[in-house]
Amino acid sequence: MKQLLSFLIPVFALFALHANGQDNSPKPVKWQFSAEKKGDQEYVLHLKGMVDKGWLIFSTTMGNDDPNTRVALDTSVNATIAGITENGKLESRKEPLFDNLDIKYFENEVELLADVKLKGATSKLSGTITYMALKGEEAVPVEETFSVPVEQSASAGTAPTAAAGSKDTASGDVADDDASNKSLWWIFIASFGGGFIALITPCVFSMIPITVSFFTKRSGTRAQGIKNAFTYSLSIIVIYTLLGFLITKIFGASALNSLASNGIANMIFFVIFLLFAFSFLGAFEISLPSSWANVSDSKAGMGSMLGIFFMALTLAIVSFSCTGPILGNLLVLAAKGGNSGPLVGMFGFSLALAIPFSLFALFPSLLNKIGKSGGWLNAVKVTLGFIELALALKFFSNVDMAYHWNLLDREIFLALWIAIFGLLTLYLIGKLKFSHDSDVPFLSVTRLCFAIVTFTFVVYMIPGMWGAPLRGISGFLPHEGSQDFNLNKSLVDIQATLESGAGSGTGGSQANTVKPKKLVGILHSEIPGVENVFFDYEEALAAAKAANKPLMLDFTGHTCVNCRKFEKSVLSSPAVMKILRNDFIVASLYTDEKTSLEDAEKYVSKTTGEKVNNVGQKNQDLEVSNFNRNSQPYYIPVDLEGKPLVNKGYGYDPKEDVDAFVKYLEGAKAEFAKRHAK
């Protein structure tokens, strides 16, 4: 019945609005519109409605598929609505007309306060308010337009904004790295660079050997290689641009982030990589259905084109699991009403991603010639098979961490990788042989060099069995909290206890220390040297107030590769650990945590209109609504009111600049001291 209701409401609204075209329908709400300057480039749009007797108007917090009220600015207005606050007596009940749907509504009067952020010069705020009113069994959808003049002035001060996480508004202070303030050219360039960065993620990087192998078989001549390369590149661009844009418009920007920890998706990726691995190891040959190739002749048949398109589609689907957080930061614009931003961004991202793959596709004939002498190509395939097998475990680990199965703990994961790369070493030196391998009469210098590299990697991983950080591969490993015996963490904790006992900075006093309680039995701290890490925003903010310390919000994820890398490379620095431990309250907010919220805590996001049912969705909505970000890691220090202490949040830094992050923390501390001086 819920699905039927979701279908009937839009259809009913469409026909009713068409009937209202002659303006003969009732308008149960009389609106007054005005605008109040809030700060530089910021306004509050007031929509005050007087509701006729016997009628009610639905709340803006109702879902998109339910009867609701929505406010939108015209596309010609160079501004965005950051959030809407409702003033009035909000009531709720079950409505029989809509299959006993829980509805929220106002009677008599209501005032909507829309926070508007200008992106350029404008003389008026024009748009539409669309709402559904109800009286008995009569439901009337109405759409009204408004136009309010505004004055332009750069001298006004900035008014206080709502605290982060407040239920009264959908947005708090937004850092100046807000992508919605940038031009389309900036979005294109940033996304283009993000495409190159995505190449080094495990999902994309591991697809390169598969692509090389595919085109090695497909392209016999240079002309054919160029044709295949062009088709493959174009397929990547089309698939990424359309697929990403459609996912955003249908499901919202958070869909990409959710994919990284989606159990079904990651299990599918796990199986796909296992199949690729076993195929490379010689268990069987992966080939497309013969019917695809029989559609036309063998020289330029449709089967060839479809095969190339299928490879591009495989790349797009598999890589979403790793690149979702990167793309999510861009596609959050779509959830706020921007259509051109995600489209331009996805095009830039896919263009950058397609260029390197095109180069691999352009020169497959050379690999064919090399592969024919001495079975070198088969040795490469087997080597890649071992690598694919190791990477398959990463996808299974994603599911294991997100759903807390605890089947693939850190030491078990490392033991499997040590075994896999140990066997690869034996294969390279000729001690392990598969049925399709050619004889190796002697050990070549090339094989010896690769064997030394893989064996060195095995030796490098062994200390990780006792808790060594292994910074080089920390992004691929399960979190340290899953390891039963972690000598390194024990030593860091002892050092932190000794320093805290000696007293340092504001952390020397333990009188007002509040211990975390929520989710501590499920989640584990990944912040080195910080004993009491919170996992709930409201609890952490209360602790910050009790200790009179700034609150560092760490938006992270179980499956976030860059989060683990940043934690091991930057946050593990003694200088950073000391500041976070002594001078901040730290909250790690997992955006992919699946733990369900209590029924009373569930709500509908005012920013995205999506239902928030679990802890991860709540944390993600907090990041999107209050800081206009949808990527991890993202570090943003806030004061005791939940307002940012800096103008720009700190995301993943490929340079891993410890000094820059220390300077960032010191700046936040200084600003906190100004705002909350005793």
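Pairs only if they're at least six apart or on different chains, beta carbon under 8 angstrom, first in the stretch 666-678 and over 20 Å from residue 635 (Cα atoms), second exposed (fewer than 14 other Cβ atoms within 10 Å of the Cβ); list them, first residue then second.
As it stands, the answer is none, since no pair meets every condition given.
Out of the residues in the stretch 22-61 that are over 41 Å from the mean Cα position of the chain (by Cα) and polar (S, T, N, Q), state the one that is modelled with the lowest pLDDT.
The extreme case among them is 22.
To keep it simple, each residue is scored yes or no on (1) without any contact (Cβ under 8 Å) to a residue 40 or more places away in the chain; (2) under 29 Å from the mean Cα position of the chain (by Cα).
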| site | (1), (2) |
| --- | --- |
| 382 | no, no |
| 389 | no, yes |
| 395 | no, yes |
| 418 | no, no |
| 439 | yes, no |
| 447 | no, no |
| 450 | no, no |
| 482 | no, yes |
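So if I check each of 611, 606, 602, which one is basic (Lys, Arg), buried (at least 17 other Cβ atoms within 10 Å of the Cβ) and closer than 30 Å to residue 116 by Cβ?
Criteria check complete, one pass: 606.
Could you list all residues from the stretch 95-113 that are on the phi > 0 side of the Ramachandran plot, in contact (Cβ under 8 Å) with a residue 40 or more places away in the chain and in contact with a strand residue (DSSP E or B) (Cβ under 7 Å, 6 or more places away or on another chain)?
108
Among (1) surrounded by 14 or more Cβ atoms within 10 Å (Cβ to Cβ); (2) at pLDDT 85 or above; (3) hydroxyl-bearing (Ser, Thr, Tyr), there is one condition residue 92 misses while meeting the rest; what is its number?
Just one mismatch for residue 92, condition (1).
Which of the following residues is at pLDDT below 85, polar (S, T, N, Q), within 26 Å of residue 270 (Cα to Cα) and surrounded by fewer than 21 Cβ atoms within 10 Å (Cβ to Cβ): 378, 339, 398?
Result: 378 is the single residue among 378, 339, 398 that is at pLDDT below 85, polar (S, T, N, Q), within 26 Å of residue 270 (Cα to Cα) and surrounded by fewer than 21 Cβ atoms within 10 Å (Cβ to Cβ).
From the list 627, 584, which one is of a type in the set (Phe, Trp, Tyr), more than 30 Å from residue 116 (Cα to Cα) and in contact (Cβ under 8 Å) with a residue 60 or more places away in the chain?
When all the criteria are applied, what remains is 584.
When the residues of the stretch 515-542 are narrowed to those that are touching a helix residue (DSSP H, G or I) at 6+ places or on another chain (Cβ under 7 Å) and outside any loop (DSSP other than H, G, I, E, B), which ends up nearest to residue 623 (Cα to Cα)?
Ranking the qualifying residues of the stretch 515-542, first place goes to 537.
Residue-by-condition table, conditions (1) modelled with pLDDT under 85; (2) part of a loop (DSSP other than H, G, I, E, B); (3) acidic (Asp, Glu):
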residue: 114; (1), (2), (3): no, no, no
residue: 117; (1), (2), (3): no, no, no
residue: 120; (1), (2), (3): yes, yes, no
residue: 125; (1), (2), (3): no, no, no
residue: 128; (1), (2), (3): no, no, no
residue: 131; (1), (2), (3): no, no, no
residue: 134; (1), (2), (3): no, no, no
residue: 141; (1), (2), (3): yes, no, no
residue: 146; (1), (2), (3): no, no, no
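Quickly run through the stretch 581-602 and pick out the residues that are part of a helix (DSSP H, G or I) and either among the small types (Gly, Ala, Ser) or farther than 24 Å from residue 669 by Cβ (or both).
Passing the criteria: 599, 600, 601.
Of all the residues that make up the stretch 543-580, how many are surrounded by 24 or more Cβ atoms within 10 Å (Cβ to Cβ), assigned to a helix (DSSP H, G or I) and charged (D, E, K, R)?
2
Please work out which residue is nearest to residue 49 (Cα to Cα), limiting yourself to the stretch 104-145 and to residues that are of a type in the set (Asp, Glu) and out of contact with any Lys or Arg (no Cβ under 6 Å at 6 or more places or on another chain).
109
Return the residues of the stretch 641-658 that are free of Cβ contacts under 8 Å to residues at least 40 places away in the same chain and over 14 Å from residue 571 (Cβ atoms); say none if nothing qualifies.
655
Would you confirm whether or not the stretch 70-84 contains a residue that is assigned to a strand (DSSP E or B) and over 21 Å from residue 605 (Cα atoms)?
No, there is no match, as no residue in the stretch 70-84 is assigned to a strand (DSSP E or B) and over 21 Å from residue 605 (Cα atoms).
Identify, please: which residue in the stretch 421-460 is touching a Lys or Arg at 6+ places or on another chain (Cβ under 9 Å) and part of a helix (DSSP H, G or I) and is, among those, nearest to residue 390 (Cα to Cα)?
For the stretch 421-460, the residue satisfying everything is 425.
The values are calculated or read from the model by the stated rules, or taken from the named source; none is laboratory data. This structure is a prediction, so every number in the text was calculated from the model and none was measured. Cβ sites come from the backbone with ideal geometry, for glycine too, and all protein chains shown count toward neighbours.
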